[in-house]
Amino acid sequence: MKFSVLDPTEENIRETLLNDQLGRNEELRQFVRLLNSIDGNCTIALDGDWGSGKTFFVKQAQMIIDSFNEYKNKKAISEKDEENIKMVKDKFSDLGIKLQATAYYDAWENDNEDDPLLSILYSIISTADCDKDFFKQQKPNALLKSIANTITTKAFGTSSKDWLEALSREDIFKDLKQHKTLRENVTEFLNELIPVGSKRLVIFIDELDRCKPSYAVKMLERIKHFFSNENIIFVFAINSFELQNTIKQYYGSSFNAYQYLDRFFDLRVELKDIDINKFIETQGIWTYNEYDQYMDICYSADRAIAKYFKFKMRTIDRFFKQVKILQNNVLQKRTFYNTNQEYKAYCFLAIFVTPILVALKLYNINDYRELTNGNRSELFIEICRSYHTSEFIKDKFNELLRLNTENNINNFEDQCLYLYNYLFKDNPKSFYKRIGLCQFTDNMINNFNSELSILSRLSNFE
């Protein structure tokens, strides 16, 4: 079983682009067009929940832009790399992208640094693919040394005592001059870094919302003060809600973090959810089983639950891998039940109850515990309503609970409540409970619970 399909490796990024495996290619096209249309300095917040695939999105955008980067692609590369670059370029040839250099910076990976300025510059140098002779040139070499020297002498963040001593020095504006010189040096260095003929440098900043509050604030301030270059666009891939919480941890709970962030971002772009069906099918998370029709009914039920919880890219992957194993575990025991009513009851548990429990455990462990302890019948009924969003799975659900007969006086909520009480609340349970076409037994519920474990002896990890 493969658990690394979401790793943003170069191969995965390329494959998801060429086959539109996330259903986001049109959104990517619009985003790259947006970048291509901007004149001057700009800072963009690409806003999405944790696990929504922001890293994939910015690395996909970077790969598209880089495929048109003639400077970068002139370097010595293998025939295979050249072919890969051409495939991406051909896929997006209609965009007419101008030459732009790109850089990617993982803020979380660097938040142990004292000052983000040098690590940002290092990442730009590393990922913008500077020519190897770049630092043999006297000007960029001297500029970088000057920047590093200014930062390491800690011209900023001096104590009050040091500040008072500074006032008594001959040149009381020394620190201010250093600050101005640093800004000028950073601007000049970046101008030297951008290849000749490039329209600009696009810098993607990722994972800022996961950083320590002090580092996140310092990074925003550094970028605001030292990267106001007309030829630079910053794209921050963030969860704005979590980043606001981070800012409040630094400045205090009553601080207006939204307004604070508004100082830094010129434009906010909301990242849409991925196409669940396309992602599942292209990643091979769930494949058609011609030998077991019930597993394919399970797949439809699972999709309804994933949509109800609005699972993001990372959680979708985890949910489907877990629920597939557990539903298979439960279905393997359905032949233990001889009567038609008990057989249908056990299939109902596999198809409709298993995904609710797996999803709820991933979504909110406290709600899961409350529900399984018999205290959240209203939540169980609400989630069951998601099975009515698809006609196919709605018919299966209604058929087993007999909700589609003309003279049925039991409504949806009553039947779901009877089921919930027998599964999670009644203690002791009656020997059996007949609900619709299903006959549940106390022994059946015990067997069902025992198979809801990844380490069940029936689990198949192939």
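The values are calculated or read from the model by the stated rules, or taken from the named source; none is laboratory data. Quantities reported herein were computed from a predicted structural model and do not represent experimental measurements. Note that each Cβ is placed from the backbone with ideal geometry, even for glycine, and that neighbours are counted across all protein chains shown.
Report the residue count in segment 332-347 for those that are buried (at least 22 other Cβ atoms within 10 Å of the Cβ) and either within 34 Å of the chain's Cα centre (by Cα) or not aliphatic (A, V, I, L, M) (or both).
Residues flagged as buried (at least 22 other Cβ atoms within 10 Å of the Cβ) and either within 34 Å of the chain's Cα centre (by Cα) or not aliphatic (A, V, I, L, M) (or both) within segment 332-347 amount to 1.
To keep it simple, each residue is scored yes or no on (1) hydroxyl-bearing (Ser, Thr, Tyr); (2) in a loop (DSSP other than H, G, I, E, B); (3) modelled with pLDDT under 90.
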residue	(1), (2), (3)
354	yes, no, no
383	no, no, no
387	yes, no, no
396	no, no, yes
399	no, no, yes
415	no, no, yes
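So which residues in segment 376-387 are touching a residue at least 12 places away in the same chain (Cβ under 8 Å) and surrounded by fewer than 17 Cβ atoms within 10 Å (Cβ to Cβ)?
Within segment 376-387, 385 is the sole residue that qualifies.
Can you tell me which residues in segment 98-123 are over 17 Å from residue 212 (Cα atoms) and among the small types (Gly, Ala, Ser)?
Just the residues of segment 98-123 that are over 17 Å from residue 212 (Cα atoms), to begin with: 98-104, 118, 121-123.
Once the filter is applied, which keeps residues that are over 17 Å from residue 212 (Cα atoms) and among the small types (Gly, Ala, Ser), segment 98-123 yields 101, 103, 123.
Would you check which residues across segment 77-105 are surrounded by fewer than 19 Cβ atoms within 10 Å (Cβ to Cβ) and assigned to a strand (DSSP E or B) and list them?
If the condition is that a residue be surrounded by fewer than 19 Cβ atoms within 10 Å (Cβ to Cβ) and assigned to a strand (DSSP E or B), then no residue fits.
Take residue 359 and decide whether it is buried (at least 20 other Cβ atoms within 10 Å of the Cβ), assigned to a helix (DSSP H, G or I), under 26 Å from the mean Cα position of the chain (by Cα) and touching a residue at least 12 places away in the same chain (Cβ under 8 Å). Write out each step before concluding.
Values: buried (at least 20 other Cβ atoms within 10 Å of the Cβ): yes; assigned to a helix (DSSP H, G or I): yes; under 26 Å from the mean Cα position of the chain (by Cα): yes; touching a residue at least 12 places away in the same chain (Cβ under 8 Å): yes.
Criteria met by residue 359.
Quick check on segment 76-94. Is at least one of its residues of a type in the set (D, E, K, R) and closer than 26 Å to residue 118 by Cα?
No: segment 76-94 contains no residue that is of a type in the set (D, E, K, R) and closer than 26 Å to residue 118 by Cα.
I'm trying to understand the selection: among the residues of segment 224-278, which are closer than 25 Å to residue 201 by Cα, assigned to a loop (DSSP other than H, G, I, E, B) and polar (S, T, N, Q)?
Initially, segment 224-278 is screened for residues closer than 25 Å to residue 201 by Cα, giving 224-240, 243, 261-271.
With assigned to a loop (DSSP other than H, G, I, E, B) added as a condition, the list becomes 227-231, 239, 263-266, 271.
The answer is 228, 229, 231, 239.
Pick from segment 210-242 the residues that are charged (D, E, K, R) and touching a residue at least 40 places away in the same chain (Cβ under 8 Å): which of them is surrounded by the fewest Cβ atoms within 10 Å (Cβ to Cβ)?
Going through the qualifying residues, I end up with 230.
Exactly one of these conditions fails for residue 281: (1) farther than 30 Å from residue 323 by Cβ; (2) modelled with pLDDT under 80; (3) not polar (S, T, N, Q). Give me its number.
(1)
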